[in-house]
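Have a look at the structure below, then the notes.
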Amino acid sequence: MIYERISLRKFNTYGINVKADRLAAFKLEDNAVRFFRQHKETEQNYLVLGGGSNILFTGDFHGTIIHPEMEGIAMEGKSGSDIIVSAGAGVSWDNLVESTVKNGLGGLENMSLIPGCVGAVAVQNIGAYGVEVKDVIESVKAISLADGSIREFTGDECKFGYRDSVFKHELKGKYLITKILFRLSTRPKLCLEYGSLKDELSKLGSISLANIRKIVISTRQAKLPDPEQIGNAGSFFKNPLVSEAFLESVQKKYPKIPVFRDRSGGVKIPAGWLIEQCGWKGKRIGDAGIHEKQALVIVNHGNATGRELLDLSEKVRKSVADAFGIDLEREVEVI
Ligand code: EPU
């Protein structure tokens, strides 16, 4: 389906009302392949846009938005307790998590209720409560925008990092992800170490996939705004990685600073905490605001433009740089 001069308001969770010259939506992989082959010779400016839950538009988009709508969740194979499950790029992420949890397959439960569609999760390497999606991605199927050829990427080839992958660097804007295969398990290794997850679980009685999902959902709902009610794109910045020496210098002034140490020995300081220390939590300038319960989330209280939200984010970034000497890196993609 091709639409001309279409509003993108429903295609981004900030609800920004910009227009695109064209939007091409594909339910079938074959149709997408044909489209890219046909347009191979003509110069095209493409932007792949799934659920639009990690993007901020600051103006109209002059080019063609590619919107994947491939559906379907299927069991593809089994080896011992490992089960390979595939999902189309257009499947709502949380519908996939819900269905795997219902079927007793572990691996995705900590990532319950993250907004967006399956296609985007590999670009962004989404994560929550101690788990990143890279931990369970078996492979990623994609179509080249340049010529319609199909390629399957292994997890290694995706070069995953913290909210990062090859699709944000050398292959940025080059592929449309159509399907992802996940390696799940009927005997999963549960990850309960993040924050108060374990304590909350013990209140529910038994440790089960369904209970983990329940706790994650209630924790997210208590802190993070629902994009259906108030425009937002989750965490606006990444949590900065710092050295032990740098951390010690900050700890002198702020002994209670929260810290995460990851398996590779890196030290992360929560950006939300830094922003809160700078006094931004709950503040607003016009309709652009900092969420009152999670300072890492920049929200659209109604009719903020993309430019206004971006300007606010730059003010926040400057405050943190002035106060702590840390330059926050954006997580949300600005177009
Ligand atoms: N904190 C504050 N003030 C705030 C926000 C947080 O002091 O306004 C402190 C909290 O008290 C806590 C720490 O910072 O000690 C961490 O907060 P939280 O657990 O809310 O997580 P986060 O580091 O702010 C990250 C992810 C989220 C993910 C949560 C839970 C990034 C950029 N964000 O946030 O992911 O849901 O952990 O795992 O890594 C997203 O990527 O869009 C996203 C929402």
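Derivation of every value follows stated rules applied to the coordinates shown; laboratory data play no part. Quantities reported herein were computed from a predicted structural model and do not represent experimental measurements. So basically every Cβ, Gly included, is an ideal-geometry build from the backbone, and we count neighbours across all protein chains shown.
Summary of values
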read-out	value
Positions within the stretch 262-316 being touching a Leu at 6+ places or on another chain (Cβ under 6 Å), small (Gly, Ala, Ser) and more than 15 Å from the ligand (Cβ to nearest atom), in sequence order	ALA288, GLY306
Hey, LYS179 assigned to a strand (DSSP E or B) and more than 16 Å from the ligand (Cβ to nearest atom) or not	yes
Qualifying residue in the stretch 229-246 (condition: under 21 Å from the mean Cα position of the chain (by Cα) and more than 15 Å from the ligand (Cβ to nearest atom))	yes
Filtered residues of the stretch 131-167 (kept if out of contact with any helix residue (DSSP H, G or I) (no Cβ under 9 Å at 6 or more places or on another chain), within 16 Å of the ligand (Cβ to nearest atom) and in a strand (DSSP E or B))	none
Failed criterion for TYR162 (all others in (1) buried (at least 18 other Cβ atoms within 10 Å of the Cβ); (2) touching an Asp or Glu at 6+ places or on another chain (Cβ under 8 Å) hold)	(1)
Residue tally, condition part of a loop (DSSP other than H, G, I, E, B) and under 14 Å from LEU113 (Cα atoms), over the stretch 192-235	5
SER319 more than 9 Å from the ligand (Cβ to nearest atom), under 30 Å from ASP135 (Cβ atoms) and not in a strand (DSSP E or B)	no
Condition met for LYS172 (of a type in the set (D, E, K, R), closer than 21 Å to GLU132 by Cα and in a loop (DSSP other than H, G, I, E, B))	yes
Pick from the stretch 282-300, criterion in a loop (DSSP other than H, G, I, E, B) and of a type in the set (A, V, I, L, M), ranking: farthest from GLU333 (Cα to Cα)	ALA295
Flag for GLU69 being touching a strand residue (DSSP E or B) at 6+ places or on another chain (Cβ under 8 Å), acidic (Asp, Glu) and surrounded by fewer than 13 Cβ atoms within 10 Å (Cβ to Cβ)	no
Selection count where residues are on the phi > 0 side of the Ramachandran plot and within 11 Å of the ligand (Cβ to nearest atom), scope the stretch 104-127	3
Some residue of the stretch 240-262 being crowded, with 18+ Cβ neighbours inside 10 Å and assigned to a loop (DSSP other than H, G, I, E, B)	yes
Qualifying residue in the stretch 10-28 (condition: under 17 Å from LEU176 (Cα atoms) and assigned to a helix (DSSP H, G or I))	yes
Yes/no for SER313 being among the polar types (S, T, N, Q) and without any contact (Cβ under 8 Å) to a residue 12 or more places away in the chain	no
Among the candidates GLY59, GLY63, GLY50, residue that is more than 23 Å from ASP135 (Cβ to Cβ), among the small types (Gly, Ala, Ser) and part of a loop (DSSP other than H, G, I, E, B)	GLY59
Among (1) surrounded by 16 or more Cβ atoms within 10 Å (Cβ to Cβ); (2) closer than 19 Å to PRO188 by Cα; (3) of a type outside the set (Gly, Ala, Ser); (4) in contact with a strand residue (DSSP E or B) (Cβ under 9 Å, 6 or more places away or on another chain) - the single one VAL48 does not satisfy	(2)
